[in-house]
Amino acid sequence: MANLKIKKKEKNIELTDELKSLVNEKAKHFEKFLPVAPDEEVLLNVELEKTLSHQNNGKIFRAEYNLNYKTNFKRAESIEDTMPAAIEVGADEIVAQIKKTKERTIGRIRKGANTVKKWLRFGRE
């Protein structure tokens with residue numbers, strides 16, 4: 001697995017052990033989707049915030065993920081009713097972005113390989 005460094009930042013909220021473990025669990029989950037070598041460093045910045053300190057209900061919890069690996073930068077932000085929900089939705093968005101990039105790269109490689117295959121078959125028909 002990659003060398004994952006997680007930096008957590010909180011605003012207007014006290015992070016409990018449960019929330020810290022949830023962030024770590026989600027980070028370990030999407031670490032397996034990263035197309036990096038085991039010795040490469042991956043930096044994940046997680047910012048957790050209660051947006052409105054005077055409000056007690058509604059979508060007031062925000063989780064922001066910034067992921068740096070190789071030359072890629074991925075960012076996801078979610079605003080939800082509860083902090084665990086915001087953490088999960090943000091992590092799911094990051095995973096979706098990583099998968100989309102990976103599929104796009106594989107598609108480009110296959111398209112190029114098919115083009116080369118056509119060139120090699122030229123004139124044999």
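Of all positions in the stretch 93-100, none carries a residue that is modelled with pLDDT of 90 or more and within 15 Å of E10 (Cα to Cα). Would you check if there is a residue in the stretch 68-90 being of a type in the set (G, A, S), at pLDDT below 90 and either outside any strand (DSSP E or B) or more than 20 Å from I6 (Cβ to Cβ) (or both)? No: zero hits.
Only residues that are within 12 Å of the chain's Cα centre (by Cα) and open to solvent by less than 70 Å² (accessible area, probe 1.4 Å): list them for the stretch 79-96, please. If the condition is that a residue be within 12 Å of the chain's Cα centre (by Cα) and open to solvent by less than 70 Å² (accessible area, probe 1.4 Å), then I87, V89, G90, A91, E93, I94, V95, A96 are the ones that fit.
Yes/no matrix, rows are residues, columns are (1) part of a loop (DSSP other than H, G, I, E, B); (2) in contact with a strand residue (DSSP E or B) (Cβ under 7 Å, 6 or more places away or on another chain):
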position: P35; (1), (2): yes, no
position: L44; (1), (2): no, yes
position: K59; (1), (2): yes, yes
position: E64; (1), (2): no, yes
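Among the residues of the stretch 36-62, those identified as touching a helix residue (DSSP H, G or I) at 6+ places or on another chain (Cβ under 6 Å) and closer than 30 Å to I106 by Cα are L44, V46. Only one entry of K111, K99, K117 meets the criterion of being surrounded by 12 or more Cβ atoms within 10 Å (Cβ to Cβ) and of a type outside the set (A, V, I, L, M, F, W, C), and that entry is K99.
The values are calculated or read from the model by the stated rules, or taken from the named source; none is laboratory data. All of these numbers come straight from a predicted model, not from anything done at the bench. Note: ideal-geometry Cβ built from the backbone for every residue, glycine included; neighbour counts use all protein chains shown. Just so you know, the surface numbers come from the protein's heavy atoms only, side chains and all, with ligands and any DNA or RNA stripped out. Shrake-Rupley method; radii C 1.70, N 1.55, O 1.52, S 1.80 Å.
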